[in-house]
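Q: Let me begin by handing over the structure; questions about it come next.
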Amino acid sequence: MTGFPGAEQTADVLFERRGHLGVVTLNRPKAVNALTLGMVTAILEQLTAWAGDDSVATVLVRGAGDRGLCAGGDIVAIYRDMVEGTGQAPEFWTTEYRLNALISRYPKPYVALMDGLVLGGGVGISAHGSVRIVTERTRTGTPETTIGFVPDVGGTLLLSRAPGEAGTHSALTGAHLSGADALFLGLADHFVPSEDLPALAEALESATADAAVARFVQEPPASALEKQREWIDAAYATDDAEEIVRRLRAAGGEAANAAATIEAKSPTAVKLTLASLRRVRGLSLPEALAQEYRVGLRSLEGPDFREGIRAQVVDKDRNPQWTPASLAEVSAADVEHYFAPLGDRELQLQL
């Protein structure tokens, strides 16, 4: 998807008014529109202004280029922050989580075009919205365990609400999900063919969100994830990560492949993700974000987050050396440490 004609093409995020539609275009196509501190700050300010502007009836969020809405937060910047000790990662997360919270309670229809890649932070700026559109090109998910981190931006709460244990499977494996899978998990609302997105955006300029979307919605394809639910629910119905892997191995086939995938992830991140999903049940989004913030700040201090980014996107050797190296070596006390209160560093959403 490209930005609207006439938009200023220098900023990392563009804002436009077209009819009664406010348009947010993430504009870092070479980075699949990965979010920076400047971008989330600008979006938070603009959405706050539009919330009180009677001439704006609907907000649309889309990504520039043809690769996706958003590949997540700028993890290279977070890596530099860890190496150089600049302290910007906490500021980025604080602002990003405020944005996620605002989107979840936005007073106007918030339409997110979840086309192409929608990962990590991209889920945060879309899946908390009120009108979430996926396409046949959608590849979404929370791949954080691959880089020694845990799902954040409220992702733990969203996945904890998925049918059965499908959210647990998605979080631990970090699998890329189709648009149909996103609908099954509850991360999206409607399926619209990608070729119809420009016409949908145009319709939103004058019609209500409900009326515009209704013109283009189609029946989605079947969800592969939903078809796997029987063995997923059986294997993941425990709070013990090692037991999950044992059950997956015993089930064989696709389940055994999932076990191998989990075992390649950061053992610490896997256990933290599982604990996060269990602890987040029943929490509000602000409470979930506060929990994720605690785990995130502690992850900055541990070895695996830095090592995971190095292996995946800095050196790109795809050979992370996790510490500890196995699930069995990650103790309950190790996990508990990440959830401990932060004192005066606790997240303040200022809602």
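The values are calculated or read from the model by the stated rules, or taken from the named source; none is laboratory data. This one's a predicted model, so the numbers in the text were calculated from it and none came from an experiment. Every residue, glycine among them, receives a Cβ derived from its backbone with ideal geometry; neighbour counts consider all protein chains shown. Note: areas computed on protein heavy atoms with side chains; ligands, DNA, RNA excluded. Shrake-Rupley method; radii C 1.70, N 1.55, O 1.52, S 1.80 Å.
Q: Could you please put R215, R247 in sequence from largest to smallest accessible area, using a 1.4 Å probe?
A: The ordering from most to least exposed comes out as R215, R247.
Q: I've got another one for you. L35's amide H: which non-local residues (gap 5+, or another chain) put their own amide H closer than 5 Å, with H modeled 1.01 Å from N in plane and none for Pro or chain starts?
A: Placed amide hydrogens put G72, G73, D74 under 5 Å from L35.
Q: Let me ask another. By how many degrees, between 0 and 90 and to the nearest 10, does the Cα long axis of helix 88-104 differ from the longest principal axis of the chain?
A: 60
Q: Still on this structure, please answer the following. Test of understanding: what is the full-extension gain from E263 to R345, defined as 0.36 nm times their sequence separation minus their Cα-Cα distance?
A: 26.3 nm
Q: Along the charge dipole of the chain, Cβ charges K/R +1 and D/E -1, which of L285, M114, A42 sits furthest on the positive end?
A: M114
Q: Can you work out ³J(HN,Hα) from phi for every residue in the range 144-154, in order, using Karplus 6.51 cos²θ - 1.76 cosθ + 1.60 and θ = phi - 60°, giving whole Hz and x for Gly and Pro?
A: So the J values, rounded to whole Hz, are 5, 4, 5, 10, x, 10, 10, x, 9, 6, x.
Q: Just from its helices, what would the mean residue ellipticity at 222 nm be for the chain, if runs of 4 or more DSSP H residues each count -39500 (n - 2.57) and the sum is divided by every residue, rounded to the nearest 500 deg cm²/dmol?
A: Roughly -13000 deg cm²/dmol at 222 nm, from the helical runs in the chain.
Q: Taking amide hydrogens as modeled 1.01 Å from N in the peptide plane, which residues meet the under 5 Å criterion relative to G68, leaving out close sequence neighbours?
A: When sequence neighbours closer than 5 places are left aside, the close amide H contacts are L117.
Q: Also, I was wondering about something else. In what order, largest first, do T41, T138 sit by accessible area if the probe radius is 1.4 Å?
A: Correct descending sequence by accessible area is T41, T138.
Q: Let me know the whole percent of all Cα-Cα pairs from the range 155-264 that are separated by more than 16 Å.
A: 63
Q: May I pose another question? Applying 1/(1 + (r/R0)^6) with R0 = 35 Å to the Cβ-Cβ distance of D334 and A234, what FRET efficiency is obtained, to the nearest 0.05?
A: 0.80
Q: Please work out how much accessible surface S194 shows to a 1.4 Å probe, ignoring ligands, DNA and RNA, in Å² rounded to 10.
A: Taking all protein chains as shown, S194 has close to 30 Å².
Q: Can you tell me the orientation of helix 253-264 relative to the chain, as the angle in degrees between its alpha-carbon axis and the longest Cα principal axis, to the nearest 10?
A: It works out to around 80 degrees.
Q: Using Cα positions and a limit of under 27 Å, work out the lysines in reach of K316, with same-chain residues fewer than 8 apart set aside.
A: Candidates past the 8-residue exclusion: K30, K265, K271.
Q: A further question follows. For a quick check of understanding: with a 1.4 angstrom probe and all protein chains in place, what accessible area in square angstrom does I125 have, to the nearest ten?
A: Number for this one is 0 Å².
Q: Using a 1.4 Å probe on the protein heavy atoms, what percent of the accessible area of the chain belongs to carbon and sulfur?
A: 49
Q: Output wanted: per-residue J couplings in Hz (rounded whole) for the range 227-242, from phi through Karplus 6.51 cos²θ - 1.76 cosθ + 1.60, θ = phi - 60°, x for Gly and Pro.
A: Working through the residues one at a time gives 5, 8, 4, 4, 6, 5, 4, 5, 6, 9, 7, 7, 9, 10, 5, 4 Hz.
Q: While we're here: What is the range 51-107 by shape, rounded, prolate or oblate, if you read a ≥ b ≥ c off the alpha carbon gyration tensor as root eigenvalues and call it rounded for a/c under 1.5, prolate for a/b larger than b/c, and oblate otherwise?
A: Cα axes put the range 51-107 in the oblate bin.
Q: For the chain, report the accessible area per residue in Å² (1.4 Å probe, heavy atoms, rounded to an integer).
A: Value for the chain: 40 Å² per residue.
Q: Hey, another quick one. Apply 1/(1 + (r/R0)^6) to the Cβ-Cβ distance of A77 and D53, taking R0 = 30 Å, and write down the FRET efficiency to the nearest 0.05.
A: The computed FRET efficiency comes out at 0.45.
Q: Work out the charge dipole of the range 183-240 with +1 on the Cβ of Lys and Arg and -1 on the Cβ of Asp and Glu about the Cα centre, then indicate which of A212, W231, A188 is farthest towards its positive end.
A: Among A212, W231, A188, the one farthest towards the positive end of the dipole of the range 183-240 is A212.
Q: While we're here: Calculate, for L283 and N319, the FRET efficiency according to 1/(1 + (r/R0)^6) with r their C-beta to C-beta distance and R0 30 Å; round to the nearest 0.05.
A: 0.25
Q: If you average 1/r across every pair of different Cα atoms in the chain and take the reciprocal, what Kirkwood value do you get, in Å?
A: Computed over the chain, the radius equals 20.4 Å.
Q: Just to confirm the number: angle between the C-alpha axis of helix 285-301 and the first principal axis of the chain, 0 to 90 degrees, nearest 10?
A: Once rounded, one gets 60 degrees.
Q: Next question. Under the 0.36 nm per residue contour assumption, what length would be gained going from the current alpha-carbon distance of S206 and Q88 to full extension?
A: Extra length from S206 to Q88 when fully extended: 38.5 nm.
Q: Applying the Karplus parametrisation 6.51 cos²θ - 1.76 cosθ + 1.60 with θ = phi - 60° to the phi angles of the range 170-183, what ³J(HN,Hα) value in whole Hz is obtained for each residue in order, glycine and proline being reported as x?
A: 5, 6, 6, 7, x, 5, 6, 10, 7, x, 5, 5, 4, 5
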